[in-house]
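What follows is a short report on a single structure.
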Amino acid sequence: MKHVFTAAMSALVLSACSQTVEDAPMPDSKPAISYAAEGWTAKSLPELAEALKAGEVSAEELTQAYLDRIEQVDRSGPTLQAVLTLNPDALDAARALDAKRAAGEPLGALHGLPILIKDNIETADAMPTTAGALALKDNITGRDSPLIAGLRAEGAIILGKTNLSQWANFRSNSSMSGWSALGGQVRNPHMLDRNPCGSSSGSGAAAAASLAAGTVGTETNGSISCPSTVNGVVGFKPTVGLVSQDYIIPISSSQDTAGPMTKSVRGAAMMLSAMATGDTRTDYASALDDASLQGARIGVLRGAEGSNALIRERFHAALVDMEAAGAILVDIEDVDMPSGFWGKAFDVLKYEFKATLNAYLATTPDAVTTRSLADLIAFNQQNAEAELALFNQDIFEQSNAMDGLESDGYRDAVALVQSATREDGIDRLLAEHDVIALVAPTGPLAPRVDPVNGDVWPDWPGAGFMAAIAGYPHLTVPMGTARGLPVGISFMGGKDQDATILSLGYAYEQASNARAEPQYYQTAEDLPNIANAMRRPD
């Protein structure tokens, strides 16, 4: 079965690197029109927070700048299709926040910052929460999920909703990451014919293309880390339970979590401080320390480096940066999973999806006529021209055939996969090797979008599935580009070690400064060295 590191299918399978000569922009490289962000939209979230606080820009001005930017590159120009819905009240909210600041009543660290939200997360605004599906196009609940309430309490502006892999990519084994019936195909701003990954594809592309100060994604297995790495941004999947699952269209009660996606680790930490509701929440931004790698023992998952020489080169350069920052690197070889692990991991998701989705649909407004997974399957068959135009719904059908969560099959499956990734996985590796975190490449170079075959991924480096299934924190940070495409490095740790993982990633980020801005290439052949190699010699 194909490898898709998204909400579900990933469960079945497994700088120092500044741009190299092959990646370096050439005088005749494309596109001829620059879509690079300028002015305020080019800034990172922490820079914008400081500018708002200093009165250098107003929330209204910043919100309008992002609306203009969305029109420039999402609705026209390269047409990223990363933003599904805009909040009609965003500018009014910005004006109200400006008035509060003028009255000496700032709300918090995010006061006046426009944020885009993945469209499986409910907000009380006049926008539906759809998961990209026609069946939920009228799902306007009037409810703020707790993470949205936290963002608002800190002064964030909900700018709109991002496109995503429909149903968080848990509908079909032959799906396309970044496609939804309501939003079409999200495009990768680094190279427009390349996969943006999913399921938080719109959030990843929007963060990279500077369409908001920050974005929110969700992950079950790789749905924050994968779109973050291939779009060249920071993405953080927190310990499951730190951010409430309430009022988020679910897949898995044991693995689902929302998390921030931004240009910088500090920006992600600031957002997480607002989003977190769990007992271990803290001020994650204040806990960042650019010296945190000094003397830190870091486990290097050598067996997860993958086979791609370009990714390995950048990963090794990232390790050099970490050593230069004082890290003590400890090699760890292959990590084996028990027999039957991958099948059981997928079974867990199918069991939990049926139960949690049926429970969620029961709470939706009367305008939503699909009240169960069985109803959704029938709806998609009745609307096959739009919903099933590119791929089927075999995961829906398999999930609907599963027993309930009280069954021995579910209990045995969840016990096996959680023990394999927790006490026999991450916990054991940390203890046996006396390391504070595990690192590996996050994922592959993005393949092309393929509406004929669906997602076709190359050999997949990394071990993010362990953190996803264990429910442990996982941070990905850009570590450069290869042939115009971003790659990231993963930092993973034990349960509730969110602040530590963010700080280690922050220290690496400060030492490497490896994030690259999108170039909006149409294809890889916009790179002159690749174009020349593709031509027959004279």
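The values are calculated or read from the model by the stated rules, or taken from the named source; none is laboratory data. None of the values given here were measured: they were computed from a predicted structure. FYI the Cβ positions are ideal-geometry reconstructions off the backbone, even for glycines, and counts take in every protein chain you see. All accessible areas refer to the heavy atoms of the entire protein, side chains included, with ligands and DNA or RNA removed. Shrake-Rupley method; radii C 1.70, N 1.55, O 1.52, S 1.80 Å.
State yes or no: is Leu502 surrounded by fewer than 22 Cβ atoms within 10 Å (Cβ to Cβ) and outside any loop (DSSP other than H, G, I, E, B)? Even if it seems obvious, please write down each step before you answer.
Working: surrounded by fewer than 22 Cβ atoms within 10 Å (Cβ to Cβ): no; outside any loop (DSSP other than H, G, I, E, B): yes.
When the stated conditions are applied, Leu502 does not pass them.
Given the conditions (1) within 18 Å of the chain's Cα centre (by Cα); (2) buried (at least 22 other Cβ atoms within 10 Å of the Cβ), and given that Glu517 satisfies all but one, which numbered condition is not satisfied?
Going through (1) within 18 Å of the chain's Cα centre (by Cα); (2) buried (at least 22 other Cβ atoms within 10 Å of the Cβ) one by one, Glu517 breaks only (2).
From Gln255, Gln245, grab the single residue that is touching a strand residue (DSSP E or B) at 6+ places or on another chain (Cβ under 9 Å), open to solvent by 10 Å² or more (accessible area, probe 1.4 Å), more than 24 Å from Ile311 (Cα to Cα) and at pLDDT 95 or above.
Details: Gln255 fails: open to solvent by 10 Å² or more (accessible area, probe 1.4 Å).
Testing whether each residue is touching a strand residue (DSSP E or B) at 6+ places or on another chain (Cβ under 9 Å), open to solvent by 10 Å² or more (accessible area, probe 1.4 Å), more than 24 Å from Ile311 (Cα to Cα) and at pLDDT 95 or above leaves just Gln245.
Taking Gly306 and the conditions (1) on the phi < 0 side of the Ramachandran plot; (2) surrounded by 19 or more Cβ atoms within 10 Å (Cβ to Cβ); (3) out of contact with any His (no Cβ under 7 Å at 6 or more places or on another chain), which numbered condition does it fall short on, given that it satisfies the others?
(1)
Among the residues of segment 524-533, write down those that are open to solvent by 40 Å² or more (accessible area, probe 1.4 Å) and not small (Gly, Ala, Ser). Write out each step before concluding.
To start, the set of residues in segment 524-533 that are open to solvent by 40 Å² or more (accessible area, probe 1.4 Å) comprises 525, 529, 532-533.
Within segment 524-533, Glu525, Asn529, Asn532 qualify.
Starting from residues that are in contact with a Leu (Cβ under 8 Å, 6 or more places away or on another chain) and open to solvent by less than 10 Å² (accessible area, probe 1.4 Å), keep the ones in segment 129-155 and report whichever is farthest from Leu373 (Cα to Cα).
Among those that are in contact with a Leu (Cβ under 8 Å, 6 or more places away or on another chain) and open to solvent by less than 10 Å² (accessible area, probe 1.4 Å), it is Gly155.
Tell me, which residue of segment 428-457 that is under 24 Å from the mean Cα position of the chain (by Cα) and among the charged types (D, E, K, R) is farthest from Glu352 (Cα to Cα)?
Going residue by residue through segment 428-457, those that are under 24 Å from the mean Cα position of the chain (by Cα) are 436-451, 453-457.
Retained after the next criterion (residues that are among the charged types (D, E, K, R)): 448, 450, 455.
Details: Arg448: 31, Asp450: 29, Asp455: 24 Å.
Out of the qualifying residues, it is Arg448.
Go through segment 184-210 and give me each residue that's of a type outside the set (A, V, I, L, M, F, W, C), in a loop (DSSP other than H, G, I, E, B) and surrounded by 24 or more Cβ atoms within 10 Å (Cβ to Cβ).
First pass over segment 184-210, keeping only residues of a type outside the set (A, V, I, L, M, F, W, C): 184-185, 187-190, 193-196, 198-204, 210.
If we keep only those that are in a loop (DSSP other than H, G, I, E, B) as well, we get 187-190, 193, 195-196, 198-200, 210.
Of everything in segment 184-210, those that are of a type outside the set (A, V, I, L, M, F, W, C), in a loop (DSSP other than H, G, I, E, B) and surrounded by 24 or more Cβ atoms within 10 Å (Cβ to Cβ) turn out to be Arg187, Asn188, Pro189, His190, Asn195, Pro196, Gly198, Ser199, Ser200, Ser210.
Please determine whether any residue of segment 404-425 is within 30 Å of Ile328 (Cβ to Cβ), among the aliphatic types (A, V, I, L, M) and under 26 Å from the mean Cα position of the chain (by Cα). Spell out how you get there, then give the answer.
First, the residues of segment 404-425 that are within 30 Å of Ile328 (Cβ to Cβ): 418-425.
When the remaining residues are screened for being among the aliphatic types (A, V, I, L, M), the result is 420.
Cutting the leftovers down to under 26 Å from the mean Cα position of the chain (by Cα) gives us 420.
Yes, segment 404-425 contains at least one residue that is within 30 Å of Ile328 (Cβ to Cβ), among the aliphatic types (A, V, I, L, M) and under 26 Å from the mean Cα position of the chain (by Cα).
Quick one: how many residues across segment 424-441 are open to solvent by less than 10 Å² (accessible area, probe 1.4 Å) and either part of a loop (DSSP other than H, G, I, E, B) or out of contact with any strand residue (DSSP E or B) (no Cβ under 8 Å at 6 or more places or on another chain) (or both)? Please lay out each step first, then the result.
We begin by selecting, within segment 424-441, every residue open to solvent by less than 10 Å² (accessible area, probe 1.4 Å); these are 425-426, 429, 437-441.
Adding the requirement that they be either part of a loop (DSSP other than H, G, I, E, B) or out of contact with any strand residue (DSSP E or B) (no Cβ under 8 Å at 6 or more places or on another chain) (or both) leaves 425.
Matching residues across segment 424-441 total 1.
Only residues in segment 28-41 that are under 22 Å from Ala531 (Cα atoms) count as the first member; pair them with residues that are modelled with pLDDT of 95 or more and open to solvent by 40 Å² or more (accessible area, probe 1.4 Å), Cβ under 6 angstrom, at least 6 apart or cross-chain, and list the lot.
Listed pairs, sorted by first residue: Tyr35/Gly77.
Six or more apart or on different chains, Cβ atoms under 6 Å: show the pairs whose first residue is in segment 338-353 and over 20 Å from Leu376 (Cα atoms) and whose second is at pLDDT below 95 and surrounded by fewer than 23 Cβ atoms within 10 Å (Cβ to Cβ).
Here the result reads Trp342/Leu12; Phe346/Leu12, each pair linking segment 338-353 to a residue that is at pLDDT below 95 and surrounded by fewer than 23 Cβ atoms within 10 Å (Cβ to Cβ).
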